[in-house]
Amino acid sequence: MTGAQLTRTGILRMALGGGGPLAAAEGGGERRAPFLLRALRIAVVVCLYWFTSIAMVFLNKYLLDSPSLRLDAPLFVTFFQCALTAALCLGLSLGAACGPPCPGLPALRLDPKVSRSVLPLSVVFIGMVTSNNLCLKHVGVAFYNVGRSLTTVFNVLLSYLLLKQTTSLYALLACGVIIGGFWLGVDQEGAEGTLSWTGIFFGILASLCVSLNAIYTKKVLPVVDGSIWRLTFYNNVNACVLFFPLMMLLGEFRTLYHFDKLGSPSFWGVMTLGGVFGFAIGYVTGLQIKFTSPLTHNVSGTAKACAQTVLAVIYFEETKSFLWWTSNLMVLGGSFAYTWVKGLEMRRVQEDPNVKSSERNETGV
């Protein structure tokens, strides 16, 4: 922190607290307390994000591919989570309406006109959540992050094709490292006899849909007055409607009819828990960005992916080769490098008002 920042901070503290320069000089212990509280709050939020994200992945893996469960209905699992998310959004909105007003929780009602406007995004959203779950169904949790690691690459590609935004050389080099790590990971999975081309296909499709989802979200947000809560509600309601013909087409209703644990309370308990974690991940992601920054959130997500991979290898008692670990490190390192480069570029744009518009576009990827 610079001297100017320290001065402004001291003046602000004195203005709010009514103390003078002497009080500011003697209040070292009081100044440390807010810092410690902020640090503790950030640590709690980051831990909450890690716990929610990792728990959601392991729960979904159990629901999608557990030998003890034997439920071959991935669309139904995804449909249930979307239905629960829509119900939770509506329930929280009704609760906020009955209690003290909360600006973050607007009143929700289903408007067919808005629903139709959100529909293109909902189609991409269905592709994203379904391909994510199908990738997780066909690959191991340890390989899951590598299997769907091309999101950054698709961000760059789609930003150029759709938005005509260019990317710096350093960011492209980071993307090259990610692609190299992805292909090395695929090669090592094949060498170990655990490669699923179906899982790889859905991992690539999931990466593409995540990028498209970000682009369509920006376009559709004005329709719901910029409210993420409304968008989440409409997205999941539309998804529930669209999942019905898909489940019928793929025969999942017949699979559910013959499923022997359909009346088991423990099965529905795990399903509900998975849906709650799926709903909560959006909230804790927002919390992490709010209390840190988008750059720190991306770094935290990269570190979380590393921890998740290690936990999966330990939990499933897997043995991985040196090159397999190298592929993971390349993907994680490339993702971290890309995040860092884009953060530096955006900071340069903010600090230099004379940056050319083309350079501003370059940082918008």
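Read-outs: derived from the displayed coordinates by stated rules, not from any lab. Just so it is clear, the model here is predicted, and its values are computed rather than measured. Ideal geometry is used to build each Cβ from the backbone, glycine not excepted, and the neighbour counts take in all protein chains shown.
A simple count of charges around Gln81, restricted to other residues whose Cβ falls under 15 Å of its Cβ and scoring Lys, Arg +1 and Asp, Glu -1, yields +1. The convex hull around the C-alpha trace of the stretch 127-270, projected and averaged over every direction, spans 11.9 square nanometres. Pairs exceeding a 25 Å alpha-carbon distance, out of Lys113/Lys219; Lys304/Lys342; Lys113/Lys290; Lys261/Lys304; Lys61/Lys218: Lys113/Lys290; Lys261/Lys304; Lys61/Lys218.
The HN-Hα couplings worked out from phi for the stretch 167-183 by the Karplus form 6.51 cos²θ - 1.76 cosθ + 1.60 (θ = phi - 60°) are 10, 5, 4, 5, 5, 5, 5, 5, 5, x, 5, 4, 4, x, x, 4, 5 Hz, whole numbers, x standing for Gly and Pro.
Solvent-free Debye calculation, one equal scatterer per alpha-carbon of the stretch 158-199: log10 I(q)/I(0) at 0.17, 0.31, 0.33 Å⁻¹ equals -0.63, -0.99, -1.04.
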